[in-house]
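Data first, discussion second: the structure below is written as structure tokens.
Just so it is clear, none of the values below were taken in a lab; they were calculated from the coordinates. As the structure is a computational prediction, the values presented were derived from the model and not from experiment. Cβ sites come from the backbone with ideal geometry, for glycine too, and all protein chains shown count toward neighbours.
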Amino acid sequence: MRVLIKAKIPHESFNAAVRDGSAGQKTQRILDEMKPEAVYFTEMEGHRTVVMVVDLKEASQIPAYAEPLFLTFNASVSFHPAMTQDDLAKADLEAIGKKWG
């Protein structure tokens, strides 16, 4: 299942990594391990934020994706299931609408 991972990184931990020169290396190590389909760096609610798209085969993989972010940057991490256009087409919204509408 495709999942959006959103990691909000506290200023203190990332600033320290920027100051000591390790921010790029730490970030690259995490991305090399996770191998996201897509990754975006942005600001959300005033914090550095990373949004990644990954394909999880099973829920037991969640710690392997969350812990590097927790342990490296003390990040707040959230997971959001996501669908492609093909996934949405398979959902048969018309049948759901007839049943519940």
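Run the reach check for K8 against lysines, Cα to Cα strictly under 22 Å, same-chain hits fewer than 8 apart removed. What comes back?
Correct list for K8: K26, K35.
Can you sort Y65, Y40 so the residue with the fewest Cβ neighbours within 10 Å comes first? Each step should come with its number before you reach the end.
Working: Y65 20, Y40 12.
Ranking Y65, Y40 by Cβ neighbours within 10 Å, fewest first, gives Y40, Y65.
I want the local charge near I9. Using Cβ-Cβ distances under 11 Å, sum +1 for each Lys or Arg and -1 for each Asp or Glu among the other residues.
+2
With only Lys, Arg, Asp and Glu charged, each at its Cβ (+1 for the first two, -1 for the last two), find how big the charge dipole of the stretch 2-100 is about the Cα centre; round to the nearest 20 debye.
The dipole magnitude comes to about 100 debye.
Helix 11-20 versus the longest principal axis of the chain: what is the Cα-based angle in degrees, 0 to 90, to the nearest 10?
Tilt relative to the chain: about 50 degrees.
Rounded to the nearest 10 degrees, what's the angle between the helix 23-34 long axis and the longest principal axis of the chain, both from Cα atoms, 0 to 90?
30 degrees
Which translational diffusion coefficient, to the nearest whole µm²/s, is obtained for the chain from the Stokes-Einstein equation, given a Kirkwood hydrodynamic radius over C-alpha pairs, 4 °C and 1.567 mPa s?
Rounded to a whole number, D works out at 85 µm²/s.
If the reach is capped at under 25 angstrom between alpha carbons, list the lysines near K99, excluding any in the same chain fewer than eight residues apart.
Output for K99: K90.
How high is the relative contact order of the chain, in percent, counting Cα pairs under 8 Å that sit 6 or more residues apart?
42 percent
Please figure out what share of the DSSP beta bridges in the chain is antiparallel and state it in percent, rounded to the nearest 5.
The answer is about 100 percent antiparallel.
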